[in-house]
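The values are calculated or read from the model by the stated rules, or taken from the named source; none is laboratory data. Please read these numbers as outputs of a predicted model, since none were measured by experiment. So basically every Cβ, Gly included, is an ideal-geometry build from the backbone, and we count neighbours across all protein chains shown. Calculation scope for accessible area: heavy atoms of the full protein, side chains included, ligands and nucleic acids excluded. Shrake-Rupley method; radii C 1.70, N 1.55, O 1.52, S 1.80 Å.
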Amino acid sequence: ESPFTADIIFFQTKQFLDNKWGTSKPIMMRDKDFGMVRIRGFGKYSFAIKKPQDAIFEIAGSTDYLYVSDVDKYFRSIITSILSNSIAELGCPALDLAMNYDDITLIAKEKLEKEFSRLGIEIKGLYIENLSLPTDVEKMIDKISMISDKVMLASVYFYSIISNLERSKHVEKN
């Protein structure tokens with residue numbers, strides 16, 4: 001028997017793929033067109049253990065076994081919180097969120113790197129699959145879109161009538 005005891009800890013340093021994140025509750029967002037809007041989002045992320053010694057002290061502690069599922073909820077809450085802040089920081093209208101996924105991801109990933117490096121973790125990938133508006137807002141947008149299509153169609157129709165009237169007056173004069 002030795003006066004010194006030691007624990008042997010093994011970490012997989014591979015990349016853990018296909019981890020999901022999502023908003024458990026809607027994120028409040030201020031929008032110029034709709035006022036306060038609640039959006040939901042989901043996507044995927046991947047990570048790897050970059051500094052095992054930090055991961056031991058910050059995450060593992062004295063547990064015998066630690067699986068991805070044990071830290072997944074905690075990681076998702078960090079990601080969702082930082083994505084919410086990143087969306088607010090970007091300040092783009094709700095209707096333009098989809099075309100700004102890359103910008104939102106860049107802002108969020110930079111912040112996530114700082115937060116996760118403290119835990120000995122490196123976020124390898126972050127992907128937004130969807131940011132969506134509440135169903136009632138989507139229905140309102142659909143109605144507005146249908147009305148605007150009808151207005152456009154009516155405008156074209158009236159323009160063609162006016163053009164035909166002007167042509168017929170021109171033909172009568174000649």
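Under the rule a/c < 1.5 gives rounded, and otherwise a/b versus b/c splits prolate from oblate, where does segment 69-149 land using the Cα gyration tensor? Before the final figure, lay out each step's value.
Working: a/c = 3.45, a/b = 2.35, b/c = 1.47.
Verdict is prolate for segment 69-149.
Return the subset of Lys44/Lys109; Lys20/Lys111; Lys73/Lys111; Lys73/Lys124; Lys44/Lys143; Lys32/Lys114 for which the Cα-Cα distance in this structure is over 24 Å, preserving the input order. Pairs exceeding 24 Å: Lys44/Lys143; Lys32/Lys114. Here the spin labels are modelled as points 7 Å beyond Cα on the Cα-Cβ line, and at Arg118 and Met99 they lie 3.6 nm apart. Which loop chymotrypsin sites (Phe, Trp or Tyr not before Pro) in segment 1-41, with loop taken from DSSP, have no more than 11 other Cβ atoms within 10 angstrom of their Cβ? In loop regions of segment 1-41 (DSSP not H, G, I, E or B), the sparsely surrounded chymotrypsin sites (Phe, Trp or Tyr not before Pro) are Phe4, Phe10.
Let me have the 222 nm mean residue ellipticity of the chain computed from DSSP H runs of 4+ only, each contributing -39500 (n - 2.57), with the sum over all residues rounded to the nearest 500.
Working: 4 runs with 83 residues, N = 174.
Helix-only estimate at 222 nm: -16500 deg cm²/dmol.
Return the carbon/sulfur percentage of the accessible area of the chain, one whole number, probe 1.4 Å, all protein chains in place.
Details: 7010 of 12660 Å².
Result for the chain: 55 percent of the exposed heavy-atom area is carbon or sulfur.
Taking Val37, Val68, Val137 in turn, the Gaussian network model of the chain (Cα-Cα springs below 10 Å) assigns the largest fluctuation to Val68. For segment 2-78, the Kirkwood hydrodynamic radius comes to 15.6 Å, computed from all pairs of different C-alpha atoms. Globularity index of segment 106-149 is 1.98 (Cα radius of gyration / 2.2 N^0.38 Å, N = number of residues). Mean projection of the Cα convex hull over all viewing directions, computed for the chain: 15.3 nm².
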